[in-house]
Structure formats: C-alpha cells, structure tokens
1. Among the residues of region 14-35, is there at least one that is out of contact with any strand residue (DSSP E or B) (no Cβ under 9 Å at 6 or more places or on another chain), touching a residue at least 40 places away in the same chain (Cβ under 8 Å), among the polar types (S, T, N, Q) and exposed (fewer than 15 other Cβ atoms within 10 Å of the Cβ)?
2. Just one of the numbered conditions (1) surrounded by 11 or more Cβ atoms within 10 Å (Cβ to Cβ); (2) of a type outside the set (Phe, Trp, Tyr); (3) modelled with pLDDT of 80 or more; (4) closer than 23 Å to residue 2 by Cβ is not true of residue 54; which one?
3. Looking at the structure I just gave you, is residue 59 aromatic (Phe, Trp, Tyr) and surrounded by 15 or more Cβ atoms within 10 Å (Cβ to Cβ)?
Amino acid sequence: MNRLLLEARKIHKKAVKEFERGDLWNDRMLIRDSAEKAWLSALKAIDALITTRGEELPFGAGAHEFRNIDRISAMLNGER
C-alpha cells in the first residue's frame with residue numbers, strides 16, 4: 001500500500017480515538033484536535049491519490065492550491 005495512504009490511515013485512527021475521548025469527556029479541545037488530525041489524514045489521502053496518478057507533490061508556497069478540488073476532479077477525469 002502507498003506510504004501516504006498508510007500514514008493517512010494511521011492518523012485517521014488516532015483522530016477517531018481522540019474524538020471519542022473528547023465526546024466522552026465533553027472536552028472541546030480534544031474534539032478540535034481530532035478534527036485537525038482528521039483533516040491531515042484527508043490531505044495525506046489526497047496526496048496518495050495524486051501521486052498514484054503520476055503527479056509530483058509541490059512543497060512550499062502555493063502547495064495548498066495544488067490540492068484544489070477542481071484540479072483533482074479534472075485530474076481524475078483525465079484532464080490536465
């Protein structure tokens with residue numbers, strides 16, 4: 001399995017556990033932290049998808065624009 005996808009899965013498991021603890025203890029900070037972890041796992045999964053399509057991942061300023069949903073959708077539909 002893709003390294004990025006394995007990282008995404010690992011981070012997602014941590015996010016779910018942290019959310020459950022936050023919900024049980026009514027701790028908004030834990031819930032917020034779990035949401036940040038879940039978002040990171042989504043980004044890792046998107047990166048895994050992009051790299052399986054043969055694209056290079058950019059780093060630095062503007063990297064967030066690379067993950068634009070319209071760009072990803074076009075990539076999956078065979079457009080560039």
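The values are calculated or read from the model by the stated rules, or taken from the named source; none is laboratory data. Please read these numbers as outputs of a predicted model, since none were measured by experiment. Cβ: placed from backbone, ideal geometry, glycine included. Neighbour counts: every protein chain shown.
1. no
2. Failing condition for residue 54: (1).
3. no
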